[in-house]
Amino acid sequence: MHVMLQRSWFRCIACGTLWQTLREARMDYPDFASFYPYYLSEHRNRTCRRLHFVGSTLVLGLLFAAFVTGNLWLLLGMPVAGYGFAWVGHFFFEHNRPATFQYPLYSLLGDWVMYGQMLRGKVTF
């Protein structure tokens with residue numbers, strides 16, 4: 001019973017922190033269109049963008065491999081591949097803090113919008 005109460009308490013803390021973060025993101029940027037220019041400004045370094053591209057491509061590859069093979073364990077590698085490459089780009093090349101920490105949902109969407117724009121040549125690779 002005691003362990004169950006501790007787990008419930010932790011979930012409430014984690015959930016409250018997530019909702020607080022989401023509320024703050026809405027106050028800074030009311031919609032994704034207003035956030036995306038900021039997101040691009042945090043990705044000026046070409047190597048950082050390339051690492052994002054590699055990580056996102058690996059995420060898609062892992063998703064495809066999990067679907068084809070039925071090995072759902074491969075899905076666990078998706079956040080490691082995606083965030084791992086992106087965070088290396090930010091910490092070692094861009095020298096800034098990833099937007100994921102402050103704007104998790106907009107940042108995730110920004111990753112995929114930038115990925116698509118890189119594929120189409122609208123953002124330099």
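What follows is calculated from the coordinates using simple rules that are stated; it is not laboratory data. None of the values given here were measured: they were computed from a predicted structure. Note that we place each Cβ from the backbone using ideal geometry, even for glycine, and neighbour counts take in every protein chain shown.
Sorted by packing (mean other beta-carbon atoms within 10 Å per residue), highest first, where do 96-103, 60-67 land?
Highest-to-lowest ranking by the protection proxy: 96-103, 60-67.
Tell me, what is the Rg over Rh of the stretch 31-120, with Rh the Kirkwood radius over Cα pairs?
Working: Rg = 13.3 Å, Rh = 13.4 Å.
With Rh from the inverse mean 1/r over Cα pairs, Rg/Rh is 0.99.
Counting other Cβ atoms within 10 Å of each Cβ, which trypsin sites (Lys or Arg not before Pro) in the stretch 35-111 have at most 15 and sit in a DSSP loop?
Filter output for the stretch 35-111: Arg44.
Relative contact order (percent) for the stretch 57-125, with alpha-carbon contacts under 8 angstrom and 6 or more residues of separation?
Relative contact order here is 17 percent.
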